[in-house]
Amino acid sequence: MNPKVGSWWPVVASNQLGRRPLGVTRFGEPLVFWRNGADVVCMSDRCPHRGAALSLGHVNKQAGSIVCPFHGLEFAADGRCTCIPVEQDTAIPADFAAASFPVREADGYIWVWRGPLPQGELPEVAIHPETQGMRHGDSSGNWNAHYTRCIENVCDFSHLPFVHKTTIGLFKKDWVIQINMQDVPGGFRARLVQDGKSAQSLEFLYPNRWLLRLAPRIMLGLVFAPIDETHTFVYGRTWYRLPLPGIQWLMNGYTRFSQFMVFREDWPIVASQIPGDVLTATDEKLLPSDAPVIAYRKLHHAHN
Ligand code: FES
Ligand SMILES: [Fe+2]
């Protein structure tokens with residue numbers, strides 16, 4: 001996966017990464033994340049010596065390096081090899097390095113820059129202002145589908161009465177909808193209009209963040225981290241501002257339960273869609289009620 005235009009992608013939750021290196025597959029590649037003091041480092045999880053997983057090694061805190069478990073070679077945060085234990089008398093070639101990627105930690109996620117680097121400084125990570133300072137409950141899960149299909153599924157209002165007829169589509173049997181679209185910085189907002197009145201509105205921020213205003217004090221968020229062509233790791237979050245005793249416990253439980261119940265209904269359908277990446281789904285017949293899907297495809301095509 002190599003986009004034409006670079007972006008910051010949240011791909012790991014901050015609380016997944018402790019003192020030990022974390023190995024995960026993202027963008028179809030094995031990556032290792034590790035903490036170097038206050039910074040997070042992201043590298044290819046493949047030792048340039050003979051291909052072992054660096055994530056099975058450990059962090060040398062004093063030296064600020066990750067140590068390969070196989071022959072003890074060490075790599076600094078920029079990927080450079082800094083130590084070859086059994087050849088300490090020999091100079092290390094300057095190009096002996098593990099691939100490393102720009103990374104930031106913000107808003108409870110670890111973000112990786114994917115795609116060509118811009119001229120000059122990298123942009124700031126765009127945090128959603130409305131959710132700042134709100135409390136939240138988290139959940140996560142694996143979807144067996146390409147990330148573009150998962151994103152489209154949550155931007156799709158018209159599947160609710162069919163896929164979710166016993167949950168969130170329960171009272172939508174004879175639903176006729178209109179969708180108002182609006183551009184927002186970095187993405188779009190889709191507002192559902194029912195009986196002439198505005199109902200829910202969702203927001204999508206490229207490349208992989210989705211937000212739904214459920215009520216004035218409750219918002220749902222999803223982050224879609226591409227694993228490979230047929231798997232996506234989804235981080236769910238419910239933000240709330242409700243000053244009731246025990247609410248945190250209740251909301252955390254609700255977040256996990258509702259996401260599991262609802263997504264379970266989506267999984268088989270989304271996994272069945274052919275092709276995976278919507279970039280090549282050029283023969284599909286999109287309808288006016290697919291307006292958010294059309295808006296997503298426009299962004300996806302512009303970046304790939
Ligand atoms: S494979 Fe990593 S040190 Fe040899
Ligand atoms: Fe759904």
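What follows is calculated from the coordinates using simple rules that are stated; it is not laboratory data. As the structure is a computational prediction, the values presented were derived from the model and not from experiment. Virtual Cβ from ideal backbone geometry, glycine too; neighbours counted across all protein chains shown.
Quick look at the numbers
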item	result
Calculated FRET value between residue 274 and residue 4, using beta carbons and R₀ = 30 Å, to 0.05	0.80
113, 249, 175, 210 arranged by Cβ crowding within 10 Å, fewest neighbours leading	249, 175, 113, 210
Length-normalised contact order of the chain in % [C-alpha pairs under 8 Å, at least 6 apart]	19 percent
In region 58-137, GluC sites (Glu not before Pro) in a DSSP loop with at most 12 other beta-carbon atoms within 10 Å	121, 124
Residue 78-residue 175 FRET efficiency (beta carbon distance; Förster radius 41 Å; 0.05 resolution)	0.15
Prolate/oblate/rounded label for region 174-264 (Cα gyration tensor, a/c 1.5)	oblate
Point-to-point label distance, residue 29-residue 264, nm (Cα→Cβ direction, 7 Å offset)	3.7 nm
Nitroxide proxy distance, nm - points 7 Å out along Cα→Cβ at residue 301 and residue 197	3.7 nm
Most fluctuating residue given options 290, 195, 78, as computed from a GNM of the chain linking Cα atoms under 10 Å	195
Relative contact order, percent, region 206-249 [alpha-carbon distance under 8 Å, six or more residues apart]	31 percent
Net charge over other residues, Cβ less than 12 angstrom from the Cβ of residue 178 (K, R count +1; D, E count -1)	+1
Rounded FRET efficiency, nearest 0.05, which uses the C-beta distance separating residue 58 from residue 286 and R0 of 41 Å	0.25
Residue with peak Gaussian network fluctuation, the chain [Cα springs, cutoff 10 Å], from 273, 119, 62	119
Hits among lysines - C-alpha to C-alpha of residue 172 under 29 Å, sequence gap 8 or more where chains match	197, 285, 298
Helix axis angle, 247-272 relative to the chain longest principal axis, alpha carbon, degrees	90 degrees
Inter-centroid distance (Cα atoms) of region 160-220 relative to region 1-52, Å	33 Å
